[in-house]
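Okay, so here's the structure we're looking at.
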Ligand code: TXA
Ligand code: MG
């Protein structure tokens, strides 16, 4: 029996499986299984007000489940799918209220992992899946990150996630694109696509109407993270509790955004396995304003307990 056979069987029996995607691993159930969907919320300890993402195997499949697919959607999906872009669209009745937490809209994306696409195709309909971590904890980017938290879960092995942070989430309202969660598909990249196609849409960052990781503390390891702008020795550390700097681990955010994204959750995790009093993560002034780092800094800031300078986040 292959991994796909086994996962298919579990899903058919209203179960939940771990699936690899290019962003992070997901905790998946068939969109047709209410029991499976309930089990996701239970396993994840996630409140029912936080809706799930529906994963499809094609643009054709996505269109079956939404009622407002537009030429702009087509352009974005054609360009970025399969890939780390989630579109918020008006749902049809075939998507249950459980999946969308009662919202009229559904979050939908086509991931690029071959095994996951094969599983969706075999099943014949999409998979609902949040990231495969407990609510507010760091998302998993390797199989072992999932099985160490959910030891009884069957997980399809997709190796290490190539993108490393969750998808960019956006909603299209007429000619206005609202980014609710920044990710590795940046505003700049979307803008370039729009202008190449002479589309007069505007694009801007917004707080989500609901809470996609918009809770202040999210992705947070147990050991406190101190994010510094430039090296620690150049900072005024007098505001920090003294014990924090007794035994520190440190990491300089890589200059290349793709590498930084791929590595960041691994570093959060490694940190929790070491006996340190804090982890110092250093960013540069350039990274702080670079659009390619928007998603990475969004996760880093939510995972951090302290900032040097203290107003690092407010100013950006
Ligand atoms: O890369 C990803 O997006 C990963 C992989 C597994 O696909 N998934 C992921 O799922 O990050 P999750 O559930 O951890 O985050 C999805 C976010 C949620 O915080 C939720 O609030 C938001 O998407 N969301 C879902 N449906 C929505 C909707 N209809 N309107 C606005 N936001 C929505
Ligand atoms: Mg998540």
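Anything in the stretch 136-157 that is touching a helix residue (DSSP H, G or I) at 6+ places or on another chain (Cβ under 7 Å) and within 19 Å of residue 9 (Cβ to Cβ)? List them, or say none.
Start the filter on the stretch 136-157 by keeping residues that are touching a helix residue (DSSP H, G or I) at 6+ places or on another chain (Cβ under 7 Å), which leaves 138-141, 145, 150, 153-157.
Result: 150, 153, 154, 155, 156, 157.
Out of 68, 14, 93, 57, one residue alone is in contact with a helix residue (DSSP H, G or I) (Cβ under 7 Å, 6 or more places away or on another chain), without any contact (Cβ under 8 Å) to a residue 40 or more places away in the chain and assigned by TED's automatic domain parsing to the domain that holds residue 181. It is 14. Of all positions in the stretch 186-202, none carries a residue that is in a loop (DSSP other than H, G, I, E, B), within 12 Å of ligand 1 (Cβ to nearest atom) and either surrounded by 13 or more Cβ atoms within 10 Å (Cβ to Cβ) or assigned by TED's automatic domain parsing to the domain that holds residue 104 (or both).
Residue count for the stretch 140-176 under the criterion of being in contact (Cβ under 8 Å) with a residue 40 or more places away in the chain and either away from ligand 2 (no atom under 14 Å from the Cβ) or part of a loop (DSSP other than H, G, I, E, B) (or both): the result is 25.
Of note, residue 107 satisfies the criterion of being within 12 Å of ligand 1 (Cβ to nearest atom), in a strand (DSSP E or B) and either buried (at least 24 other Cβ atoms within 10 Å of the Cβ) or on the phi > 0 side of the Ramachandran plot (or both).
The values are calculated or read from the model by the stated rules, or taken from the named source; none is laboratory data. Quick caveat: nothing in here was measured; it's all calculated off a predicted structure. Glycine also receives a Cβ, built like all others from the backbone with ideal geometry; neighbour counts cover every protein chain displayed.
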